[in-house]
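Below: the structure, in structure tokens.
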Amino acid sequence: MPNDKENPETKPLNNNNNGNGKSAQSKPKIQPKYSIHRDVLTHELVIKDTGYAARDKSIPSSLRNCWRGWNFLSLFTGVIPILQWLPQYSLRRDLIGDIIAGFTVAIMNIPHGMAYGMLAGVSAGNGLYMAVFPVLVYMLLGTSKHISIGTFAVASMMTQKVVLTYANFDPNAAIVTATTTTASPLTSLATSTAESLSLLSTTTATTTTTTTTAAAALLLQNATTTMLPENIITNLEVVTSLALAVGIVNLLMSFFRLGTLASLLSEPLVNGFTTAAACHVVTAQLKDVLGIAVPRHKGAFKILYTVIDVVKGVPDTNLVNFGFCMGVIIFMTICNECLKPFLSKRCRFPLPGELIAVIGGTLISKFCHLKADFNLQPVGVIPKGLPDFQLPRLDLVPLVAVDSIAIAIVTYSIIMSMGLTFAKKHGYEVRANQELFAMGVGNIVGGCFSCLPMACSLSRSVIQDQTGGVSQIASLVSASLVVATIMWIGPFFSDLPRCVLAGVIIVALKPMFMQVKELKKFSKQGKLEMFTWIFTFLCVVLIDIDIGLLIGVCVSLLALYIKGLKPYSCLLGYMPEAPGIYMDMNQHRNVMQVPETRIFRYCGSLNFATSLFFRRALNETVGLDKNSKSSRSPKAKPTYAQVSQNGGNAIKGQFMESADSFQFLILDFTMLGHIDVAGCSTLSDISKELKARGARMLLASPVDRVYDTLVHSMALSEGPFEIFPTLHDAVEYANAFRTA
């Protein structure tokens, strides 16, 4: 009796062993086998026996199914997701983690909000408002439990581009000008507004001296006489109108169920775009790093012009400003690279390096009189208290509508990517269209309370998750602490030097610049992915953010089209040791070709756009484009050539028929996801050509939707098609017919 170890029935098909000589995976003592004995079936017989019925695609049927699926309670709780998860919230289990996470995120939100608010072209206080109003709206309507809503560098930079395009007066600049000298030129403020004058007079009265207030008021009053008030557009008015427009775009996307639109922004596109946008952010901070005045540029190649102006202004560098900024950068780098990793192993709270830098910079500026003695520009007035409700200027919405589309798509893609990351980690669902609805309402509410377009911070979201946050209650805690800061501590930061925030921003952008390492991964995925990253990066850096993004989207869609236009196809052969298994003959050299039969596998879609490639691939693989001399009648004997199993020279004396000699062409549609009428017409033409050659075409294993289209096309005088439920059924039918 043979040993079980030597019995061929007990040997596994895959004999890969690990380094210890043992099987990499546990194998059963007896190798399982299966044997099926049945008649060869056609697809029509399977359809009849299984009671298949094509899905009713009529509009009345769709409306009935939609109405039956409606549940108004589920619909209400679905629109307000907090009603779903709040009843399941455990105070004992979850509250401590959310409080710790909220406190930590609030500490980061204060410097981030101030820095990114000024980066967007408005005051630092507007950035702080971002940590309150949009956050509270998202807590009620959002589906992600871990992301931190608020300011983000890329969104602020895109907002600044819109501000520079449409705004013609900056009240913050007017305050700085007035506090510097009372004899400054009026030409820089020739487009001021009476509304801005009133706001400025009220604000400066509580924070500046009487002389400064009078100088600023006189300057604005003289400037307003040169232009009508209705022609004046302030930075804040542009920002709030932009937030309203972005919210409207988000709501429209949610209404039309365009949540999958973010999938058009491929990973190489988003990666290259955010890396390039980080270059714009750093370039915008160079003037604050050096303490020099640089004119602002708009349009294409503005980053190059800005760098040139910065280089020209290097001789005028404020050394105290530059040294202070470099000290902040060094301190922040040490905190992020050394102290935070060291303390994270011993303490649950991360080191608040950004807040320490902001508070320390403010104290040093106050006690050392850096503004008066060394001309270090402060962030300016931060009003005490929350802003009043005020509807944005509706006449500006059409002006910023085009820019709002780009910002809406970018911010949504960032929020969804981060939300899906944490949802996958913690095992819950993030609904794309509900996220759009939450963003839409959040942006509209934020626009009414002097906020920027909302986004999601990568660093704060990671910290919120790492410090134990389990729900958006952490955002509520964070917003409460920021409100306390705005109500009582906000004016304290008015003397904070701009160079400190510039250093905080530059250090915070390190993860974005480290994304350059991902280029190696994209190069391994394919040339199109690498080309998309490089082209998007260069276009955003050299041209502009919005134009570069549009070009990047076009390149990404072109790459997607190229991949879909050239789907995978191959010629299949069978395993002599295991009949019924068919493999690619180009990749598996030991498979055999079925006698007088060609099996062509096609993956993708067969429609009007890909039918030409399908014909070309089929002709090249099977040889249908041979001239009529190679055609043969059904009764002619097949010609044979001495070739190997996969088409090479003779091996071990095996012979196969020549490439252009076959009786059956089997099209394996196992991986065909869609076919249209044009594709069916192509199949009909191929069938007619084969009949002229004395051969037949068989279709194998179509999915139901493909089968429905084939049946519909046959009713329109295409075909007829011989369809089989599996590839092996088609092969056995061909063998039986050939040997009959």
Residue list for region 418-438, filter: small (G, A, S) and either touching a Pro at 6+ places or on another chain (Cβ under 8 Å) or assigned to a helix (DSSP H, G or I) (or both): G419, A423, A432, A438
Do you know which of the residues in region 82-108 that are open to solvent by 20 Å² or more (accessible area, probe 1.4 Å) and either of a type in the set (S, T, Y) or not in a helix (DSSP H, G or I) (or both) is nearest to H146 (Cα to Cα)? Y89
If the requirement is being farther than 26 Å from I545 by Cβ, of a type in the set (G, A, S), open to solvent by 10 Å² or more (accessible area, probe 1.4 Å) and in contact (Cβ under 8 Å) with a residue 60 or more places away in the chain, which of these qualifies: G427, G468? G468
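Quick grid of which residues meet (1) in a helix (DSSP H, G or I); (2) within 25 Å of the chain's Cα centre (by Cα); (3) at pLDDT 85 or above:
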site	(1), (2), (3)
N271	yes, yes, yes
H280	yes, yes, yes
L286	yes, no, yes
R296	no, no, no
When you go through L538, L496 one by one, which is the residue that is modelled with pLDDT of 90 or more and surrounded by fewer than 17 Cβ atoms within 10 Å (Cβ to Cβ)? L538
Does region 417-430 contain at least one residue that is within 21 Å of the chain's Cα centre (by Cα) and of a type in the set (F, W, Y)? yes
Looking at (1) within 23 Å of the chain's Cα centre (by Cα); (2) buried (at least 20 other Cβ atoms within 10 Å of the Cβ), find the lone condition where M530 falls short. (2)
Looking at region 332-389, which of the residues that are part of a helix (DSSP H, G or I) and among the β-branched types (V, I, T) is nearest to the chain's Cα centre (by Cα)? T333
For region 285-308, which positions are out of contact with any Asp or Glu (no Cβ under 6 Å at 6 or more places or on another chain), β-branched (V, I, T) and closer than 19 Å to I505 by Cα? V289, I303, T306, V307
Could you give me the residue pairs with C-beta distances under 7 Å whose first residue belongs to region 576-605 and is hydroxyl-bearing (S, T, Y), whose second residue is open to solvent by 60 Å² or more (accessible area, probe 1.4 Å) wherever it lies, and which are 6+ apart or on separate chains? Y582/Y574; S605/H674
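Does A484 satisfy the condition of being closer than 21 Å to P111 by Cα and either open to solvent by less than 10 Å² (accessible area, probe 1.4 Å) or not in a helix (DSSP H, G or I) (or both)?
The answer is no for A484.
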Quick one: G313 ticks every box in (1) in a helix (DSSP H, G or I); (2) under 30 Å from V541 (Cα atoms); (3) within 33 Å of the chain's Cα centre (by Cα); (4) of a type outside the set (A, V, I, L, M) except a single one, so which number is it? (3)
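Yes/no matrix, rows are residues, columns are (1) part of a helix (DSSP H, G or I); (2) in contact with a helix residue (DSSP H, G or I) (Cβ under 9 Å, 6 or more places away or on another chain); (3) at pLDDT 90 or above:
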site	(1), (2), (3)
G440	yes, yes, yes
C451	no, yes, yes
I463	yes, yes, no
S471	no, yes, yes
G490	yes, yes, no
Can you confirm whether V555 is open to solvent by less than 70 Å² (accessible area, probe 1.4 Å) and either without any contact (Cβ under 8 Å) to a residue 24 or more places away in the chain or within 21 Å of F152 (Cα to Cα) (or both)? no
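Yes/no matrix, rows are residues, columns are (1) acidic (D, E); (2) touching a residue at least 24 places away in the same chain (Cβ under 8 Å); (3) buried (at least 18 other Cβ atoms within 10 Å of the Cβ):
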| position | (1), (2), (3) |
| --- | --- |
| C335 | no, no, yes |
| V358 | no, yes, yes |
| L363 | no, no, no |
| K371 | no, yes, no |
| I382 | no, yes, yes |
| A401 | no, yes, no |
| A423 | no, yes, yes |
| A438 | no, yes, yes |
Go through (1) within 26 Å of G503 (Cβ to Cβ); (2) surrounded by 14 or more Cβ atoms within 10 Å (Cβ to Cβ); (3) in contact (Cβ under 8 Å) with a residue 24 or more places away in the chain for V397 and report which single condition fails. (1)
A578: passes all of (1) at negative phi; (2) in contact with a helix residue (DSSP H, G or I) (Cβ under 7 Å, 6 or more places away or on another chain); (3) surrounded by fewer than 20 Cβ atoms within 10 Å (Cβ to Cβ) but (2)
Only one residue in L244, L220, L251 is at pLDDT 85 or above, open to solvent by less than 20 Å² (accessible area, probe 1.4 Å), over 26 Å from A502 (Cα atoms) and part of a helix (DSSP H, G or I). Which one? L244
V163, sole failed condition from (1) over 16 Å from S459 (Cα atoms); (2) modelled with pLDDT under 90; (3) open to solvent by less than 10 Å² (accessible area, probe 1.4 Å): (2)
Only one residue in I444, I463 is touching a residue at least 60 places away in the same chain (Cβ under 8 Å), within 16 Å of I407 (Cβ to Cβ) and open to solvent by 30 Å² or more (accessible area, probe 1.4 Å), so which one is that? I444
When you look at K298, is it free of Cβ contacts under 8 Å to residues at least 12 places away in the same chain and exposed (fewer than 13 other Cβ atoms within 10 Å of the Cβ), yes or no? no
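In the set L727, L690, L683, which member is in contact with an Asp or Glu (Cβ under 7 Å, 6 or more places away or on another chain), closer than 30 Å to M575 by Cβ and modelled with pLDDT of 90 or more?
L727
The values are calculated or read from the model by the stated rules, or taken from the named source; none is laboratory data. Just so it is clear, the model here is predicted, and its values are computed rather than measured. For neighbour counting, all protein chains shown are included, and Cβ atoms are generated from backbone atoms with ideal geometry for every residue, glycine included. Please note that ligands, DNA and RNA were not included when accessible areas were found on the heavy atoms of the full protein model with its side chains. Shrake-Rupley method; radii C 1.70, N 1.55, O 1.52, S 1.80 Å.
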